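J.: I have a structure I would like to understand better, so I am pasting it below and will then ask my questions one at a time.
The values are calculated or read from the model by the stated rules, or taken from the named source; none is laboratory data. This is a predicted model, so every value here is computed, not measured. Cβ sites come from the backbone with ideal geometry, for glycine too, and all protein chains shown count toward neighbours.
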Amino acid sequence: MGYLVRFPLDALKIDRSFVHDITVNEDDAVIARTVITLAHSLGLKVIAEGVETEEQLAFLGDNHCDEAQGFLFSKPLPAEECSVLLSSGHPLHGPRREPAAADQKPAILVVDDNRNDLMLAQIMLQKDGHHILTASDTHKAFELLTSNHVGIVISDQNMPQMSGVDFLRRVKLMYPDTMRIMLSGTDDFNTATAAINHGEVQRFFVKGRDEEMLRREIKRRIGHTAQNAST
């Protein structure tokens, strides 16, 4: 930290060890986001190294990282070949994803390893015209979060890789502006209450009982977000 003020630096680099699992490890995600914020506060640009996937690039872009390097763009090249590549005028990488239109509603991501419950939740929410994404495991859910504009995440508590609370805790750290909802069984009420008190979960609804309340809450949330965007 002392070097940041002692030397005439113009950039900070995020080491590849933090980039490798940046889309699935909340510690790496928080460290990267903190480095970016710190560097920009000091007037420095940020370069991420070791970028190999679209998901990594999307997360870094969403968090305003200035530059990136890695195998996603090119393998290491001798100086002569690098000069030829750069002088060709061809971009090293295409757009990571289409930017969201000003009037585009954010997607809703539903995560549940019970495929029947997942399908029922999708059908229920599509009645209101929402763009619904689904994932039956948390790994797929993190991939969807980095490649789509997600405004609300709805998760079951009983998941195979990690609990719904642990998953939503990671979502909170990695995507703090995303609303986190648990839609689960009555047996999970005490777990959800504790998670709400700690801020991991913002709303809890019971499967088979609170679907209409869930729909109203989502309409209210999306309507509030749209109103803030317009102002």
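J.: Output the residues belonging to the stretch 179-190 that are crowded, with 18+ Cβ neighbours inside 10 Å and either not in a strand (DSSP E or B) or not assigned by TED's automatic domain parsing to the domain that holds Thr146 (or both).
T.: Asp188, the sole residue that qualifies.
J.: Those residues that are within 14 Å of the chain's Cα centre (by Cα) and assigned to a loop (DSSP other than H, G, I, E, B), I need them from the stretch 17-43; list them, please.
T.: Passing the criteria: Asp21, Ile22, Thr23, Val24, Asn25.
J.: Quick one: count up the residues across the stretch 49-73 that are of a type in the set (Asp, Glu) and assigned to a helix (DSSP H, G or I).
T.: Final tally of qualifying residues: 3.
J.: While we're looking at this one, here's another question. Residue under question is Arg215, and the condition is that it be touching a Lys or Arg at 6+ places or on another chain (Cβ under 9 Å), of a type outside the set (Gly, Ala, Ser), farther than 14 Å from Ile108 by Cα and in contact (Cβ under 8 Å) with a residue 12 or more places away in the chain; does it hold?
T.: For Arg215, the condition - touching a Lys or Arg at 6+ places or on another chain (Cβ under 9 Å), of a type outside the set (Gly, Ala, Ser), farther than 14 Å from Ile108 by Cα and in contact (Cβ under 8 Å) with a residue 12 or more places away in the chain - is not met.
J.: A further question on this structure: Within the stretch 173-184, which residues are modelled with pLDDT under 90 and touching a strand residue (DSSP E or B) at 6+ places or on another chain (Cβ under 9 Å)? Walk me through how you get there before you give the answer.
T.: Within the stretch 173-184, the first condition is being modelled with pLDDT under 90, and the residues that meet it are 173-177.
Tyr175, Asp177 - these are the residues of the stretch 173-184 that are modelled with pLDDT under 90 and touching a strand residue (DSSP E or B) at 6+ places or on another chain (Cβ under 9 Å).
J.: Please work out which residue is farthest from Gly70 (Cα to Cα), limiting yourself to the stretch 26-56 and to residues that are among the polar types (S, T, N, Q) and touching a residue at least 12 places away in the same chain (Cβ under 8 Å).
T.: Quick first cut of the stretch 26-56, residues among the polar types (S, T, N, Q) only: 34, 37, 41, 53, 56.
Pick out the ones that are also touching a residue at least 12 places away in the same chain (Cβ under 8 Å) and you get 53, 56.
Values: Thr53: 9, Gln56: 11 Å.
That would be Gln56.
J.: Of the numbered conditions (1) within 13 Å of Val110 (Cβ to Cβ); (2) out of contact with any helix residue (DSSP H, G or I) (no Cβ under 6 Å at 6 or more places or on another chain); (3) surrounded by fewer than 18 Cβ atoms within 10 Å (Cβ to Cβ), His139 fails exactly one; give the number of that condition.
T.: It fails just one condition, (1).
J.: Farther than 17 Å from Ile22 by Cα, modelled with pLDDT of 90 or more and among the acidic types (Asp, Glu) - does that describe any residue in the stretch 143-157?
T.: Yes, the conditions are met somewhere in the stretch 143-157.
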